[in-house]
1. Just to be sure I understand the filter: pairs with C-beta atoms under 9 Å, separated by 6 or more residues or on different chains, first member in the range 189-204 and at pLDDT below 75, second member part of a strand (DSSP E or B). Which pairs pass?
2. May I ask you to list the residues in the range 143-175 that are surrounded by fewer than 18 Cβ atoms within 10 Å (Cβ to Cβ), free of Cβ contacts under 8 Å to residues at least 40 places away in the same chain and in a helix (DSSP H, G or I)?
3. Against the condition touching a strand residue (DSSP E or B) at 6+ places or on another chain (Cβ under 9 Å), at pLDDT 95 or above and surrounded by 13 or more Cβ atoms within 10 Å (Cβ to Cβ), how does Leu48 come out, does it pass?
4. For Glu102, state whether it is acidic (Asp, Glu), closer than 21 Å to Ile171 by Cα and without any contact (Cβ under 8 Å) to a residue 60 or more places away in the chain.
5. Assess whether Gly256 counts as being at pLDDT 70 or above and within 26 Å of Tyr146 (Cα to Cα).
6. Please list, ordered by first then second residue, the pairs with beta carbon atoms under 9 Å, 6 or more apart or interchain, first in the range 17-29 and at pLDDT 50 or above, second surrounded by fewer than 19 Cβ atoms within 10 Å (Cβ to Cβ) and β-branched (Val, Ile, Thr).
7. Mind checking which residues of the range 42-74 are over 18 Å from Ala227 (Cα atoms) and under 18 Å from the mean Cα position of the chain (by Cα)?
8. Could you count how many residues in the range 42-91 are under 19 Å from Thr148 (Cβ atoms) and assigned to a loop (DSSP other than H, G, I, E, B)?
Amino acid sequence: MFFKLKGLEGKAKKSKKDSAVMSISVQTIKSDLKTQNFDLFETLVDLLQRSNIKLENDDVLIISSKYVANSQGRLIEYEKVMPSRESRILATKFHLNPKIAEIILRESDVIFGGVPGFVITSSDNILAPNAGIDKSNAPKGKIILYPTDSYQIAEQLRRKFFLRFSVHIGILIIDSRLMPARVGTMGVAIACAGIEPLSDIRGQKDLHGNPLKVTFQAVADNLASIANLKMGEGSDGTPIALIKNSDAKITDRKIGQNEMAISYDQCVYIRGLKTTNKHT
């Protein structure tokens, strides 16, 4: 399916034939249901060809993290998991299945707390409930995890597309997440290659001429949200999207996995909640 997002116009791109402003566009790509490991790159090439899509320089290819995880076989039959003593304590505290709690512990970098049914964790530098594990879009009785080595996978895909098709494109591996105090999910980039993930606009002026002191635009996350809107969350079967005319800055440098993350000691939400809890 092809969508043009009205009102989201990039900078003017002029050529000898066309001097019109190009609007950012999103094209979603359907895939057959995958139930076991598969070659991610060759599958993507096949799907693009079947959809009659030709990659061009500056395109950004978006791939669902669940699709990547499926290609790696990152599914667990959770009934076969043996809970530890720590996971049983966590399960009792937050009203969880101890087997699920064990998987959350294994997949988490940090556990901050939780509410009944959800543990607030960090996994791969992303703040998420239950370490990002998910029963949706997974076979019955199984849980799908985040992919392993997401940044390496994204970088390998970028290089393979260049070697096969001689195009410089961006690669984003994305998931959906809840935003604090907001209803519904939005997209988040869990890995990035080929595009600069942030735009530093510090020093630029706002509408009133005031200098911006701390502002970065989260380019990768913004593109992830645009794609996530069209890729869907349920039975859409469109785990891939192609964004054109995004004006994202294409790069050949390898993106570091900590570039889009800050330490939790610097996060205003977590710092604020910790400070509040100390005084209540």
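The values are calculated or read from the model by the stated rules, or taken from the named source; none is laboratory data. Since this is a predicted model, take the numbers as computed values, not measurements. FYI the Cβ positions are ideal-geometry reconstructions off the backbone, even for glycines, and counts take in every protein chain you see.
1. Asp200/Phe216; Asp200/Gln217; Ile201/Phe216; Ile201/Gln217; Arg202/Pro211; Arg202/Phe216; Gly203/Pro211; Gln204/Pro211
2. Gln152, Arg159, Phe162, Leu163
3. Taking the combined requirement at face value, the residue satisfies it.
4. Numbers: acidic (Asp, Glu): yes; closer than 21 Å to Ile171 by Cα: no; without any contact (Cβ under 8 Å) to a residue 60 or more places away in the chain: yes.
No: the conditions fail for Glu102.
5. The answer is yes for Gly256.
6. So the pair list comes out as Gln27/Ile53; Thr28/Thr238; Ile29/Ile53; Ile29/Thr238.
7. Those that are over 18 Å from Ala227 (Cα atoms) and under 18 Å from the mean Cα position of the chain (by Cα): Ala69, Asn70, Ser71, Gln72, Arg74.
8. 3
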